[in-house]
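S.K.: Structure below; questions to follow.
Each value in this text was obtained by applying a stated rule to the coordinates, not by laboratory testing. Here the structure is a predicted model, which is why all the values come from computation and not from measurement. We place every Cβ from the backbone using ideal geometry, glycine too, and count neighbours over all the protein chains shown.
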Amino acid sequence: DLNGYVDADNHSVVIGGMFPIHSRTIPVDESILEPVSAKCEGFNFRGFRWMKAMIHTIREINEREDILPNVTLGYQIFDTCSTISKSVEAALVFLTGQEENKPNFRNSMGAMLVGIVGAGGSSLSIAASRILGLYYLPQVGYASTCSFLSDKYQFPSFLRVIASDKIQSEAMVKLIQHFGWVWIGVIAADDDYGKYEVKTFKEKIEDANLCLAFSEVIPKVYSYEKMQKAVDAVKTSTARVIVLYASDIDLSPFVLEMVYHNITDRTWIASEAWVTSALIAKPEYFPYFGGSIGFAIPRTDIPGLREFLYDVHPSKNPRDVLTIEFWQTAFNCTWPNSSVPYNSDHRVNMTGKEDRLDAVSDKFCTGEEKLEDLKNTYLDVSQLRITNNVKQAVYSIAYALHDLSSCEEGRGPFDPGNARAYLPDFDAWQLMYYLHSLKFTAHDGRTVNIGQNGDLTGYYDILNWQLDDSGNIAFVKVGEYVFTDSMFELVIRRNATIFWNTESSELPHSVCTDVCLPGTRKGFRQGEPVCCFDCITCADGHVSQKPGQRECQRCGEDYWSNTTRNECVLKEVEFLAYNEPLGFTLVILSVFGALAVLAVMVVYVIYRHTPLVNANDWELSLLIQASLIVILLSSMLFIGKPHTWTCMARHITLALGFSLCLSSILGKTISLFLAYRISKSKTQLTSIHPLSRKIIVLISVLVEAGVCTAYLVLEPPRVYKNMESQNVKIILECKEGSMEFLCSIFGIDAFLSLLCFLTTFVARQLPDNYYEGKCITFGLLVFFIIWVSFVPAYLSTKGKFKVAVEIFAILASSYGLLGCIFAPKCFIILLRPKRNTDEIVGGRISVTDK
Ligand code: TCR
């Protein structure tokens, strides 16, 4: 193959390629001081396949009549050994055309170099592009995804057939959000790819209000300390979901660490660089990496590639060292008479020791080994993703050349005089013009458009690692991430079954702190990420209804928080109700009192002609009794749910009742008082006329009624929802409209009672038959005591008991008056009728109107 495709008649040009055919360079012996190109080790079958794909594509283009019919493409391929220094070396060789120390794969024969495919990883592409960019030599990347490379100022001649990492990072954050994870770890390779991906990922994570639990690197060159740091982070962190950005070659030592430390219960989010890698997706790693979910660029089939890959044999070309090494590594044997070392490995491994495996295998290769028996990444054409990119990269250069060769005289883009670039007489930099505007349809129908600046359209497959029936790892497509220049959409298939590597096989849970339950709010911890917080119970009267709330809301006016603080409940409304024991008892007492007064009234009416009843104005007695009934029944207005009318009626009836009662008593006491004065002075004072007594009553009641009316009209009492005195309850009470009016209506009553007291106190010694004066004095004393003691009792109670205290005072004072004034009389009337005669009155003065 080495000499093919360059013939003298045809125009021939060469396309350069850079592939990671080895994984690393062998550390140079420090004792050698002369500069030597480092040797490589760790044969990479995947890189070898990519390289083969490039050769296959070039063959295909050469066979096609429609592209570059008169031009033969050649190739010159370098092995970058996944190392920057090798990549730079290759770039320099491309530019200078010098033979390097040890020839790689080449097929130039002096033909012109028009462009370069590669290098693989971003770090290598960046390094190479710095040099190639100086000369504007076209470079088309097939796997370099670093967003940094989009900078056309720094990398003027770099183009790529793969989307930038920016899109993948965004997709990853969307995936993380889709599954509800918030606490994410990230581990990346120690190169440009890893660093830039982590940087953009961090930004996106923060924008999405998610948190990074840790961010660690996998060292490029094995270092126990650095590796241990990453392992410890994975081990100790509570993050169950970890994003891994690294190409498979860089990742494999880390995978071994995970196996070594037996870390299983983690879900790995795979970047496109390792998601389908056969190096990682080995069945023996499944307990550790099964259930990984990640993004992959679309896969395709490449017709003819499989046959081409199988068409490899070391005997075809004894100078083809790569094929010999491939054969030796694949079949674990030594090719006779070759200088290619067998399977060397100078890696320092986890134990810190250096394994040297460069001993030549004692088994010789026969050349009869069957590729068909080999299970090897190289031959696996089921996951052609980057391989297809290699193909598209080669095609891009070919199509650009094609466009250049079909340019007409005078129409070309280049000065002077719009000269056209001729084949083969042109400069490689002129190709950049055509590459920038290139758009073509690939063999699988997809449009490739590499010239644009970042706005790509395409999609990622979302793959999940599952175990298939034969015990191999299957990459099951569970969704897609579609991106156009304006739309980015994550679609997880509805019916997709995703394998999760958790104990319960259920969706893993990755949070720093669990979501706060309703009834609590997030309390952020100082200096810690927003995903770590304490859950603080809402304060009284505040609630949080949904989980994960930042603040508790205050309940509405009539509402209060329940005990679990997840709902506002209507406040309990409190008032003295009829149907509670206290209310009920009070009703009974007042009704009983009223009935008792009624009974007394009946007795009085029946015995109205007896001297006792007749003595001292029985009509006034009936008025007192009637007013006592009013007072006793008015206490019922205090019970039950307060309404505006009951509030108004309460105090008015009470005040009017009392004024009627007291003024009637006053009528009596004034008579007594006058009788007393008469008995003392022996003068001809006439007793007060019965009508005048009634006028006193009428006047007092009218005055009281007047004040009450003014009260009702000007500032009436009203229902008031008292929310201050207790949080959990609304106390329904009556609020006196104006304190002044209230005081004056009861002031009148107090004044009347004082007057009564004074007049009767003076006349208490009056020796009448029935001790009327003493009884009234005593009754009024009881009355005073009750109302005086009422004040402190009233002021020190709360809620509904306030009203109860009031009712109690009302009832007690009425019972007091009833008991003191009328009970002794009824006793005489009913049980000692003998005393109720005119005769017994004898020498005593009887105050009668007759
Ligand atoms: N970009 C990585 C390297 C890389 C890779 C891969 C290597 C990507 N995809 C697949 C091996 C296989 C994506 C970089 O460094 O830019």
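S.K.: Under a crude label model (7 Å from the Cα following the beta-carbon direction), how far is Leu831 from Ala442 in nanometres?
M.R.: Inter-label distance under the simple model: 11.9 nm.
S.K.: Follow-up. How much FRET efficiency would the formula 1/(1 + (r/R0)^6) give for Ser223 and Ile492, where r is the Cβ-Cβ distance and R0 is 56 Å, rounded to 0.05?
M.R.: Using R0 = 56 Å, I get an efficiency of 0.90.
S.K.: Here's a follow-up. Could you tell me the extents of the range 49-88's C-alpha atoms along the three principal axes, largest first, rounded to whole Å?
M.R.: 39, 19, 10
S.K.: Oh, and also: Quick one: net charge of Tyr136's neighbours, Cβ under 15 Å, K/R +1, D/E -1?
M.R.: Every neighbour counted, the sum reads +1.
S.K.: Just list whichever of Lys39/Lys220; Lys220/Lys363; Lys166/Lys220 have alpha carbons separated by over 27 Å in the model shown.
M.R.: In this structure, Lys220/Lys363 lie more than 27 Å apart at Cα.
S.K.: May I pose another question? What is the Cα radius of gyration of the chain over 2.2 N^0.38 Å, N being its residue count?
M.R.: 1.88
S.K.: Sticking with this one: Taking a ≥ b ≥ c as the square roots of the eigenvalues of the Cα gyration tensor of the range 581-767, is the shape rounded (a/c under 1.5), prolate (a/b larger than b/c) or oblate?
M.R.: prolate
S.K.: Just want the answer: with Cβ charges of +1 for Lys and Arg and -1 for Asp and Glu, which residue in Phe533, Cys552, Val569 is farthest toward the dipole's positive end in the range 520-570?
M.R.: Towards the positive end, the residue furthest out is Phe533.
S.K.: Whole-Hz ³J(HN,Hα) for each residue in the range 489-500, computed from phi via Karplus 6.51 cos²θ - 1.76 cosθ + 1.60 with θ = phi - 60°, x for glycine and proline: what do you get?
M.R.: 9, 9, 10, 9, 4, 4, 8, 5, 9, 9, 8, 10
S.K.: Let me ask something else about it. Loop only by DSSP, 12 or fewer other Cβ within 10 Å of the Cβ. Give me the GluC sites (Glu not before Pro) in the range 500-600 that pass, ordered by residue number.
M.R.: Within the range 500-600, the qualifying GluC sites (Glu not before Pro) (loop, at most 12 other Cβ atoms within 10 Å) are Glu503, Glu506, Glu551, Glu557.
S.K.: Right, another one. For helix 618-634, report the angle its Cα long axis makes with the longest principal axis of the Cα atoms of the chain; keep it between 0 and 90° and round to the nearest 10°.
M.R.: Helix 618-634 and the main axis of the chain meet at about 10 degrees.
S.K.: In the chain, which cysteines lack any other cysteine Cβ under 4.7 Å from their own?
M.R.: That list is Cys146, Cys407, Cys661, Cys708, Cys743, Cys756, Cys775, Cys820, Cys826.
S.K.: Something else about it: So what are the ³J(HN,Hα) numbers for the range 226-235, from phi and the Karplus equation (6.51, -1.76, 1.60; θ = phi - 60°), rounded to whole Hz, Gly and Pro as x?
M.R.: Residue by residue, the range 226-235 yields 5, 5, 5, 4, 5, 5, 4, 4, 5, 5 Hz.
S.K.: Mind checking the angle between helix 581-606 and the chain's longest principal axis? C-alpha axes, 0 to 90 degrees, to the nearest 10.
M.R.: 20
S.K.: With +1 on the Cβ of every Lys and Arg and -1 on the Cβ of every Asp and Glu, and nothing else charged, how large is the dipole of the chain about its Cα centre, in debye rounded to the nearest 20?
M.R.: 6920
S.K.: Tell me, what is the FRET efficiency for Phe524 and Val788 to the nearest 0.05, using R0 = 56 angstrom and their Cβ-Cβ distance as r?
M.R.: 0.40
S.K.: Ignoring everything except DSSP H segments at least 4 long, calculate the 222 nm mean residue ellipticity for the chain; use -39,500 (n - 2.57) per segment, divide by total residues, nearest 500.
M.R.: It lands at -13000 deg cm²/dmol.
S.K.: Taking amide H positions as placed in the peptide plane 1.01 Å from N, state which residues far from Tyr559 in sequence (5 or more) or on other chains have amide H under 5 Å from it.
M.R.: When sequence neighbours closer than 5 places are left aside, the close amide H contacts are Lys571.
S.K.: Also: Identify, among Ile263, Val312, Thr760, the residue whose Cα sits farthest towards the positive end of the charge dipole of the chain, taking +1 on the Cβ of Lys and Arg and -1 on the Cβ of Asp and Glu, with the dipole about the Cα centre.
M.R.: Of the options given, the answer is Thr760.
S.K.: Still on this structure, I have one more. For the range 116-174 and the range 34-90, what is the centre-to-centre distance using only Cα atoms, to the nearest Å?
M.R.: Answer, in whole Å: 17.
S.K.: In addition: In percent, what relative contact order does the chain have, based on Cα pairs under 8 Å that are 6 or more apart in sequence?
M.R.: 9
S.K.: With the Cα gyration tensor of the range 679-815 giving a ≥ b ≥ c as the square roots of its eigenvalues, does the rule (a/c under 1.5 for rounded; else a/b larger than b/c for prolate; else oblate) give rounded, prolate or oblate?
M.R.: oblate
S.K.: Given a Förster radius of 35 Å and the C-beta distance between Arg64 and Leu374 as r, what FRET efficiency does 1/(1 + (r/R0)^6) yield to the nearest 0.05?
M.R.: Once the sixth-power term is evaluated, E becomes 0.65.
S.K.: Right, next: Non-local amide H neighbours of Gly16 (under 5 Å, H modeled in plane, Pro and chain starts lacking H): which ones?
M.R.: Sorted by chain and number, the residues that satisfy this are Gln76, Val114, Gly115, Ile116, Val117.
S.K.: Mind checking the range 131-172 for trypsin sites (Lys or Arg not before Pro) that DSSP puts in a loop (not H, G, I, E or B) and that have at most 14 other Cβ atoms within 10 Å?
M.R.: Lys152
S.K.: Using alpha carbons only, how many degrees (0 to 90, rounded to 10) separate the axis of helix 248-260 from the longest principal axis of the chain?
M.R.: With both axes taken from Cα atoms, the answer is about 60 degrees.
S.K.: Moving on to the next point. Under 5 Å between amide hydrogens, which residues at least 5 positions from Thr72 or on another chain qualify, with H placed 1.01 Å from N in the peptide plane?
M.R.: His11, Ser12, Val13
S.K.: Ok, one more. Straight-line reach from Lys546: which lysines have a Cα under 29 Å away, not including same-chain ones fewer than 8 places off?
M.R.: Within reach: Lys174, Lys202, Lys204, Lys522, Lys571, Lys729.
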